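Everything below concerns the one structure shown next.
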Amino acid sequence: MTLDPVVLARVQFALTVMFHYLFPPLSIGLGALLVMMEGAYHWTGDEEWERLARFWTKVFAVNFALGVATGIVMEFQFGTNWSTYSRFVGDVFGSALAAEGVFAFFLESGFLAVLVFGWDRVSKRAHFFATVMVALGATFSAVWIVIANSWQQTPAGFALVAHHGVMRAEITDFWAMVFNPSSVQRLVHVMLGAYATGAAFVASVSAYYVLKGRHGNLARKSLALSVLFGAAACLAIPASGDTQARTVARTQPAKLAAFEGLYRTQARAPLSLIGWPDDARRETRFGVAIPGLLSFLVHGRVDAPVTGLDAFKAEDLPPVAASFLLYHAMVALGVLLAALFAVSAWRLRGGRLFGDRLLLRALVAGVGAATAANQLGWCAAEVGRQPWIVYGLLRTKDAVSPSVPGRDILASIVMFGVVYALLFVLWLGLLDAKIRRGPEEAEAPRPGGFLGAAAELADPSGGSLTGEEEGR
């Protein structure tokens, strides 16, 4: 059996990136919510907000530690499995990743100790400043990583230079590289997705507490805040996605055509809702689409033509079915999450949300939809860029390390798979321990825990909150 180094290198990178990407959206979303909680404490003097901020700080610290560890491993692969790619983009990525280290990582990690351990050691203002700096550090980290990734999608501000007989991209205009055609739109979309994920996580745990009758007003406050924050983020995501889709139509038309299963260039192009792209028949089978809507969304006119897959050579096309399914799954989960947050925010009026056990159960599960939507979005963006690793400049098959055999990559995949499985179990265990304990430090852990919530909540005999529980 032949072990293809290109396929295996891509599998390994997908494994490490997808595992790592569990943590940054949570860190960004939790960081923003921590600022809100501690800010509410300073604004109102209500010590319940301080207790909530202390609790979620502990959860944030666990997530931050795992994110750092997995991010370092991800970057090492550039030099091991992707040496040709590293030489080609080294000047560009070196600048972006150095900026991340200076402006993001040092800022975030430098103030993290004050955030976690400084509650009773520094003044309230100093601690709030540290909280803001950590949240900004998490945001800046996303900024530079998205800039680097966006440059791969829409290269700008560079020149191709021969170095010892090998072509490489060198920056000629730093700010043109930073503000490449897709960076701002993609950054806004990534940040909103992270806010929605952080909100969904806090809402999930808070809804669990309300269902179990634990932590009374604390759970209600964190649930209300996270639901409103999540609803605001989800309300903005469609506008952000529309702006980004227009950019994709202009800069990566083959990707947009694959997302929509549009095999033929046409006016009044339909917007696909569901379907199954069939490359052999050059059509999207079992499709349900809205005629003319894609043309309207891209060009503002229903009679405007949209470029289809027939405009490109076969070797320049992405995997159409995979791109289509990943993209539409992301959209479907995003719509479900937005509907969940919108209904929950509406039910907050008069406190009706806190007694709606069905909606609370849906909020407990909502974090899964948010996490999956983030993963699917990144996968769609990267698969849709194929066969290019740097769009229009370097093909993925030409970017791997020529001296690394497939068997070595396979061995490292197995090794990292085992290590990441252990880290994942450790992460869940630490989160479960902290969630069992909850924001009230004096309370002893209760059996069952957050990990057993799904089975308990699925039991229709669970009953409703008693009057005593609702009064806690």
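Points to keep in mind about this one:
- The C-beta contact set for the range 415-436 (first residue touching a residue at least 12 places away in the same chain (Cβ under 8 Å), second residue exposed (fewer than 14 other Cβ atoms within 10 Å of the Cβ), distance under 6 angstrom, 6+ apart or interchain) comprises 432/451; 436/445.
- Where a residue in the range 327-353 is among the basic types (Lys, Arg) and its partner, wherever it lies, is surrounded by 15 or more Cβ atoms within 10 Å (Cβ to Cβ) and outside any helix (DSSP H, G or I), with Cβ under 8 Å and at least six apart: 347/356
- Index of the failed condition, residue 380 passing every other in (1) exposed (fewer than 15 other Cβ atoms within 10 Å of the Cβ); (2) within 24 Å of residue 78 (Cα to Cα): (1)
- Matching helices (runs of 4 or more DSSP H) fully within the range 115-214 where at least 3 residues are of a type in the set (A, V, I, L, M, F, W, C) and at positive phi: none
- If the condition is being assigned to a helix (DSSP H, G or I) and touching a residue at least 40 places away in the same chain (Cβ under 8 Å), then the range 397-414 contributes 397, 398, 406, 407, 409, 410, 412, 413.
- Taking the listed residues 343, 367, the one that is more than 28 Å from residue 87 (Cα to Cα), of a type in the set (A, V, I, L, M) and in contact with a Phe, Trp or Tyr (Cβ under 6 Å, 6 or more places away or on another chain) is 367, with no other qualifying.
- Residue tally, condition outside any helix (DSSP H, G or I) and either closer than 13 Å to residue 225 by Cα or touching a Phe, Trp or Tyr at 6+ places or on another chain (Cβ under 8 Å) (or both), over the range 37-60: 0
- Every condition in (1) outside any helix (DSSP H, G or I); (2) touching a residue at least 40 places away in the same chain (Cβ under 8 Å); (3) in contact with a Phe, Trp or Tyr (Cβ under 8 Å, 6 or more places away or on another chain) is met by residue 262 except one, and the failing one is (3).
- Residue in the range 46-57 that is in contact (Cβ under 8 Å) with a residue 12 or more places away in the chain, buried (at least 19 other Cβ atoms within 10 Å of the Cβ) and closer than 25 Å to residue 385 by Cβ present: no
- The C-beta contact set for the range 151-168 (first residue over 18 Å from residue 84 (Cα atoms), second residue part of a strand (DSSP E or B), distance under 8 angstrom, 6+ apart or interchain) comprises 157/171.
- The range 76-87 residues that are within 18 Å of residue 14 (Cβ to Cβ), paired with ones that are of a type in the set (Val, Ile, Thr) and modelled with pLDDT under 85 (beta carbon under 7 Å, 6 or more apart): 80/404; 81/404
- Residue 392 satisfies every condition listed in (1) without any contact (Cβ under 8 Å) to a residue 24 or more places away in the chain; (2) at positive phi except (1).
- In the range 156-194, the qualifying residues are those that are buried (at least 21 other Cβ atoms within 10 Å of the Cβ) and touching a strand residue (DSSP E or B) at 6+ places or on another chain (Cβ under 7 Å), and the one that is nearest to residue 240 (Cα to Cα) is 177.
- Unique residue being outside any loop (DSSP other than H, G, I, E, B), of a type in the set (S, T, N, Q) and surrounded by 24 or more Cβ atoms within 10 Å (Cβ to Cβ) when the list is 272, 226: 226
- Where residue 219 falls short, out of the listed (1) at pLDDT 90 or above; (2) crowded, with 21+ Cβ neighbours inside 10 Å; (3) not aromatic (Phe, Trp, Tyr): (1)
- When each of 34, 15 is tested for being touching a Phe, Trp or Tyr at 6+ places or on another chain (Cβ under 8 Å) and at pLDDT 90 or above, the lone residue that passes is 34.
The values are calculated or read from the model by the stated rules, or taken from the named source; none is laboratory data. These numbers were taken from a predicted model, which means no experiment stands behind them. As a convention, Cβ positions derive from the backbone with ideal geometry for all residues, glycine included, and neighbour counts pool all protein chains shown.
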